[in-house]
1. Please count how many residues of segment B:110-145 are aromatic (Phe, Trp, Tyr), touching a residue at least 24 places away in the same chain (Cβ under 8 Å) and buried (at least 16 other Cβ atoms within 10 Å of the Cβ).
2. Mind checking which pairs have a first residue in segment B:248-277 that is within 30 Å of A:His156 (Cβ to Cβ) and more than 14 Å from every other protein chain (Cβ to nearest Cβ) and a second that is assigned to a helix (DSSP H, G or I) and of a type in the set (Lys, Arg), Cβ under 8 Å, 6 or more apart or different chains?
3. From the set of residues in segment A:74-96 that are touching a Ser or Thr at 6+ places or on another chain (Cβ under 9 Å) and free of Cβ contacts under 8 Å to residues at least 24 places away in the same chain, which is nearest to the other protein chains (Cβ to nearest Cβ)?
4. Please go through segment A:61-87 and pick out each residue that is more than 28 Å from A:Glu219 (Cα to Cα) and assigned to a strand (DSSP E or B).
5. Name the single residue that is nearest to the other protein chains (Cβ to nearest Cβ) among those in segment B:178-207 being of a type in the set (Val, Ile, Thr) and without any contact (Cβ under 8 Å) to a residue 60 or more places away in the chain.
6. For segment A:113-120, state whether one or more residues are over 24 Å from B:Asp174 (Cβ atoms) and touching a helix residue (DSSP H, G or I) at 6+ places or on another chain (Cβ under 6 Å).
7. For segment B:160-176, which positions are more than 14 Å from every other protein chain (Cβ to nearest Cβ) and more than 17 Å from B:Arg114 (Cβ to Cβ)?
8. If I go through segment B:240-277 residue by residue, how many of them are β-branched (Val, Ile, Thr) and not in a helix (DSSP H, G or I)?
Amino acid sequence: MARVVVEKLGQVRQSAAAPAVFLAVEGLSMTFESPRSGGDPLTVLDGLDLTVAPGEFVTIIGPSGCGKTTLLDCVAGLSTPTAGRMYLDGIELRGPGPDRAVVFQQASLLPWRTVARNVAYGLELRRELRRSEIAERVGKAIELVGLKGFEHHYPHQISGGMQQRVNLARALVVEPKLVLMDEPFGALDALTREMLQDELAALARSVQRATLFVTHDIEEAVFLGDRVVAMSRAPGRIIANIEVPFERPRSRDVGDLPEFKTIVRDLRRLLRPATADVDATTKED
Amino acid sequence: MSAQRAFAGRKPRALLQRKRRVAETTVLRGRTRVALGVAGVVVVLGAWEASYRLGLVSRVTGSSPSQIGVGARVLVQHHLLFSAIWSSTKLFLIGFSLCVGIGLVVGLVLGWYRRLHAVFDPWVTMLYAAPRLALIPLVVVWVGIGVEAQVVIVVLVGVFPMIINTMAGVMAMDRTHFRVARSYLATNRDVLLTVALPGALPFIISGIRQTLVLSLTGVVVAEYFLGETGVGGLIFKSGQVLETGQAFVGVAIFCFAAVLLTIALGLVEKRFDKWRG
């Protein structure tokens, strides 16, 4: 499957090469009404601009509550922004679409479906492919995420890491133009997380699909991204855009490079001030 | 400071001064459990039989396991037993199926359409809480005392747990599952069929379980009050002529039916346990 995908995306890349902007987010704002009447409305995003180049893997990092998940929800079409426009490959985005797929924070698998049927879920809902074609693509996607042999297991029978693999396969199998990942490894133990990061990095190289990856883990953001976008505390704005220069495929050793450490340190400083304030106040008490 | 205050009223006592029995769980093997259960039944029936023979129980109004056996033989000889069982079975099957069918549809609709739920929820709650048997005289006025009226009563008694459980199950749809479905462009119908309904299944099964028991109760009530038919009628008539043994035959049949149906439902339930962790 991987090769076919690369060819397909290669074409996408060529056709989109002229503008070199694949996803464009312009002036995105999101204000939530207060749940209590009379309460202050909460502005989570305030006029956010963001672009993603064709095939680019962009990681978004920011303190919790900065609106990064809201940004992803808006691009996915699961939330309607208060203001702003979004374009994918020149077409304005309104609501969910077949050109995007989300890898959710929790695996969110349907517990009554086996691994294979969970991966097939998106394809089944589209009603575009015949059963045999779905089965074929599902088989390849399951192999791609390393779950061969677990097709007929139910979600409760597999580990959290494996569930996230299913979550990933479910999104990749529909061959979206843009993959949206919402802290998919956040709830995993450190070892499993590293393993999945490695595999995703390898996958990102072979598939080269435009990806927005939200995380609050600075190392993860730098390790996975072609570019790291840092967001401020709510209302979230972009406070830094850092190109990550390392060649792919990246191995774990990238983390030992001085440049890697510099980027991580810069990002940490950038994101820290608010926490430092909190520390200072607690000390005064 | 606060810890001191908490103990101020009591005399300080060393933890190990007195021997303390720390909580433990009792684990039984399957075979032991079955043996104990059987023993319980045998002992109770034996004690009953003994107290009847010893004259501790009235020979006129009381009965005993052996007297129930005698009663059963008499009923079979008079060709009363099997026709009664068949009549009750029919009533139960029709009533129970209607309960499940109506409950599923109504519960689904009320769980799925929030506005309809808002309108009808007070009525469901009210009718569920009300002593619906109070309606029997009205049922007689409206439907008569035939089989139709009996079915109406079974449904009246048994349908509500089915409605309420199905409704709750559909409404309890997992929000994250809904988001997944939406992200893959699911229509309302897709969400209902692939998310809401499968998710509601455990609720629906628990509704069926409650409805099963209540339908059986409904059958007895309907047979007592309307036409004295079936096994319920048998119990009623036997009781009136002090044929206690025969009355107990009917009671035993209902107990047996309830156990049998619960076991059957357990087997059905097992099929859905595959995906429940």
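The values are calculated or read from the model by the stated rules, or taken from the named source; none is laboratory data. Note that the structure is a prediction, hence the values are computed from the model and not measured. Ideal geometry is used to build each Cβ from the backbone, glycine not excepted, and the neighbour counts take in all protein chains shown.
1. Of the residues in that region, 1 qualify.
2. Taking only residues 6 or more apart or on different chains, the pairs are B:Thr262/B:Arg209; B:Leu265/B:Arg209.
3. A:Pro96
4. Scanning segment A:61-87 gives A:Ala83, A:Gly84, A:Arg85, A:Met86, A:Tyr87.
5. B:Val180
6. no
7. B:Phe160, B:Pro161, B:Met162, B:Asn165 - these are the residues of segment B:160-176 that are more than 14 Å from every other protein chain (Cβ to nearest Cβ) and more than 17 Å from B:Arg114 (Cβ to Cβ).
8. The qualifying residues number 1.
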